[in-house]
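Bear in mind these aren't lab numbers, they're just calculated from the coordinates by the rules spelled out. Predicted model only: the values in this text are computed from it and were never measured. Cβ sites come from the backbone with ideal geometry, for glycine too, and all protein chains shown count toward neighbours.
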Amino acid sequence: MIERLEAVPGTEVDDDLTAAGLLASIRSARTAEDAAAARQLDLAARWADLHPPESIHSAATFTSGRGIGMEVEEPIAGEGCPTVAEFCVAELGTVLGISTVSAKRLIGHALELRHRLPRLWTLVQSGRVAPWRARLVAEATIHATPSLTPEAAGWVDAQVAAVAGRIGPAQLDRLVAEAIKRHELAAYDPAADPEDGYLSVDPRHVTVHGEDVHFAGTVRIEAEVDLADALDVDRALVHGAELRKALGSTESLDVRRAQALGDLARTQTALDLHSQGRAATPSTQDGLPAAREVVLHAHFDARSVEDGDTVFGPTGRLEEGQRLLLLEQVRSWCGDSRTKVTVQPVIDLNAHLEAPGYEVPDRIREQIILRDTTCVFPFCTRPARGCDVDHVIEYDHDAEAEGRPQPGPTLTPNLGALCRFHHRLKTHTAWHYDVIGPGEFEWTSPHGHRYRRDPTGTTPLDPLVIPRPQRP
């Protein structure tokens, strides 16, 4: 049985279309999509033009890092592009329904294309190159190491434009590397193959993608190391996997290799701690201290039964990455003799906690972290545990001395989790928010756009107004 679906206005499709007609319609839709994306890039660049850095604003940058807890500032576009007031990015992001980081990336790509990759920009605006392809090139030239000068970026632009943007990631990497070599941005290695497009730029790194936690409680580790080191690691993993199999493990080879990598890390940590002669720490049966120092926050529903015991639900939430977690996984971690497990007291998220003064005590901070889970700015997903706890109504430090009631007391209904950027945004700009319920906030932007933020996410409160196209 075939049901007839009601078409969304403006997207009606003739039911009598042939296969060729359907393909033509799909192609037409893709062309319209690319044109809209190119227009969005142009508008993002114009938005940046309206917001140069002001006296109280810094230029917008990216905060990124190679590992958990390691952060560096990177420009949103390369040398020669205009800088942008950091706080203007948030309003663009919320209007588009994306995070501030994604809005920075959109503006950065637009400026990089317009100012440093002008040939590619022209091809995008004329519809000859898909915007997503051009943005891949912009991403590569913005974050190249070492940084590309305007001349080096222009050389990449010329090469990519010559093939109308049809270039794969590997070819793009080679072009960027050759641009670095041609413009002497890094020392040349005479031993390197002169026919190879790569330089003596050291590509070694180990990156732990700690913010992208799989529901199974795993993370990706990406590395590029010396060949000799890679062979040594591989031999160690082969040995570790075979040892686990000999001891009775029925896991797959891939799982045993992953476990062997963890064994390597824990063994080294334990040896280091043991040799340093630290003060007494919880030790295992072999006399070595507990080596696993990674902290994970898992939350499970619990209930008391008649005999006074506490029973946990089968599924919970891993705070890192906001992922589903199984109770059996936690039990397996607890079974590792080198894993230290701490159980925190149950916190009632609906209780109204209060403290005198401005400082937020740990018990209230933990309640806010668990209630909000992330920064409560529209579309922000930064985990609340790394955020500030903000007084929604500002705390008046002079109220008590002047005998006035405190307008912004330190109590649960007046607190919200804000990442450092959005905390500064709220403090220094016309953005403001109000509490409308437990863990529920209503934000208003400088241009009057309103957003509701609650535990389920962000909801725009303004009707979508699409301007009529102007006749030429």
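The table below lists the values:
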| item | result |
| --- | --- |
| Ranked packing of 410-419, 126-135, most packed first, by mean Cβ within 10 Å | 410-419, 126-135 |
| Length added when fully stretched, His209-Asp173, from 0.36 nm per residue minus Cα-Cα | 10.8 nm |
| ³J(HN,Hα), Karplus 6.51/-1.76/1.60, whole Hz, each residue of the stretch 413-422, x for Gly, Pro | x, 9, 10, x, 7, 10, 5, 4, 5, 6 |
| Least to most buried among Thr374, Thr315, Thr100 (fewest other Cβ within 10 Å first) | Thr315, Thr374, Thr100 |
| Gap separating the Cα centres of the stretch 122-136 and the stretch 407-445, nearest whole Å | 39 |
| Leu349, Leu237 arranged by Cβ crowding within 10 Å, fewest neighbours leading | Leu349, Leu237 |
| For Leu325, residues with placed amide H under 5 Å, excluding near neighbours | Gly316, Arg317, Leu318 |
| Neighbour-limited loop hits for GluC sites (Glu not before Pro), the stretch 369-405 (at most 11 other Cβ within 10 Å; DSSP other than H, G, I, E, B) | Glu402 |
